[in-house]
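Heads up: the structure comes next, in structure tokens.
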Amino acid sequence: MAPRVLVASVLFVITRARRLFCLIETRRGLACNSVRLPVVLNNSLSLTAGPHDGTSVIKRLLDQIADHQANDLGPVHIVLPSGNHRMARLRGTLQVGGTLGWQVPPDDRTLTPLEIWGPVLQTPPDKPLQIGLAGPGFGPAWTALIAAGQVTHLQDGDGHDMARAYHGTSALPGGGYRQAVTVVLQPSCPDKPGEALIKPGLWHLSLPANAAPGLHDVSLQRDEVLRGFPREARQGRLYDPHYRDRTDRTVDHDPDSRALDHVQRAATVKAYATGRRTLRAGARGAA
């Protein structure tokens, strides 16, 4: 769902709640603004890519709605599911000069977005964050971003487009700045002859040695469709040779000894559920 659609949906629910309270007051002969029942906004969107620090525009809007007090409206509670992708290998971290694997499946007819978010900087960056992308059979192709907000094409050795990279810089509400590069990978199975395609298999993301010090967050968008829906999408995964999701024991956390360049289970809550006032709902199976 596009952000503007989500915003419109939230405002629609609040407007309908106001009209309902007004109708109750009119039908029962009550004083104006005397009915101020709590309003619960529940949203099951499963956006996995993006910043998980509560600073995006959507999350800040939801926080402001929950904080706002109105005469004709009771308290508004934002309830979002925590998500069910803890073991889906959609989140990871990269360090300066590091590399992380990206397993691209065959027969994927959709574009696949992935986001890399840099550490918090105290001042605006003097140069854009650069990303390296390597695929089966060729070395890394590096972005050539020279200014904030640019778009660049990443090509293989034969000059074919593999992906587009979009750069952005966000000013944080509490001070500081974060850079982000969104990599949009071409399908591995095009719909029509002559359309761009990439080879499936193990790809790699890299950071240059001169990147800003600190960990960079990697988040892959979940785009696999549900059973019974058209099957154009195939879910990619981040790849870590040390990661295991099938063992003879339960692993509840990521080992501290592998704090860099790895796929993580921590912080896998859905991106929209990381606001300051968001109530996250989830369940855990008993052993």
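The values are calculated or read from the model by the stated rules, or taken from the named source; none is laboratory data. Quick caveat, the model's predicted, so the values are computed rather than measured. Using ideal geometry, Cβ is built from the backbone for each residue, glycine included, and neighbour counts are taken over all protein chains shown. Heads up: the accessible areas ignore ligands, DNA and RNA and are worked out on the full protein's heavy atoms, side chains in. Shrake-Rupley method; radii C 1.70, N 1.55, O 1.52, S 1.80 Å.
Give me the compactness ratio for the stretch 68-223, meaning the Cα radius of gyration over 2.2 N^0.38 Å.
1.22
Take the solvent-accessible surface of the protein heavy atoms, probe 1.4 Å, and return the percent of it on the stretch 102-181 that carbon and sulfur atoms account for.
54 percent
I'm checking a number: the convex hull volume of the Cα atoms of the chain, normalised per residue, in Å³. What is it?
Spread over its residues, the Cα hull of the chain gives 179 Å³ apiece.
Counting other Cβ atoms within 10 Å, keep those with at most 15, restrict to DSSP loop, and tell me which chymotrypsin sites (Phe, Trp or Tyr not before Pro) in the stretch 88-140 are left.
The qualifying sites are Phe138.
Roughly how tilted is helix 3-28, in degrees to the nearest 10 and between 0 and 90, from the longest Cα axis of the chain?
It is inclined by approximately 10 degrees.
Say the dipole of the chain comes from +1 at the beta carbon of Lys and Arg and -1 at that of Asp and Glu; which of Ala49, Thr99, Leu111 then lies farthest toward its positive end?
Of the listed residues, the answer is Ala49.
When the dipole is taken about the Cα centre of the stretch 46-121, and only Lys, Arg (+1) and Asp, Glu (-1) are charged at their Cβ, what size is it in debye, to the nearest 20?
I would put it at about 260 debye.
Based on the Cβ-Cβ distance of Leu23 and Ala70, what FRET efficiency does E = 1/(1 + (r/R0)^6) give at R0 = 22 Å, to the nearest 0.05?
The calculated FRET efficiency here is 0.85.
Can you tell me the orientation of helix 57-67 relative to the chain, as the angle in degrees between its alpha-carbon axis and the longest Cα principal axis, to the nearest 10?
So the inclination is approximately 20 degrees.
Show me the three semi-axes of the equivalent ellipsoid for the stretch 19-155, from the C-alpha gyration tensor (sqrt of 5 times each eigenvalue), largest first, rounded to whole Å.
Taking √(5λ) for each eigenvalue gives 46, 19, 13 Å, largest first.
Under a 1.4 Å probe, what is the accessible area of the stretch 99-213 per residue, stated in Å²?
With all protein chains present, the stretch 99-213 gives 48 Å² per residue.
Is the stretch 54-134 best put as rounded, prolate or oblate by its Cα gyration tensor, with a ≥ b ≥ c the root eigenvalues, rounded for a/c under 1.5, and otherwise prolate when a/b is larger than b/c, oblate when not?
Oblate, since a/c reaches 1.5 and b/c is not below a/b.
Let me have the 222 nm mean residue ellipticity of the chain computed from DSSP H runs of 4+ only, each contributing -39500 (n - 2.57), with the sum over all residues rounded to the nearest 500.
The helix contribution divided over the chain gives -4500 deg cm²/dmol.
For Phe12 paired with Arg60, estimate the spin-label separation in nm (one decimal), with each label point 7 Å from Cα along the Cα-to-Cβ line.
Rounded to a tenth, the inter-label distance reads 2.6 nm.
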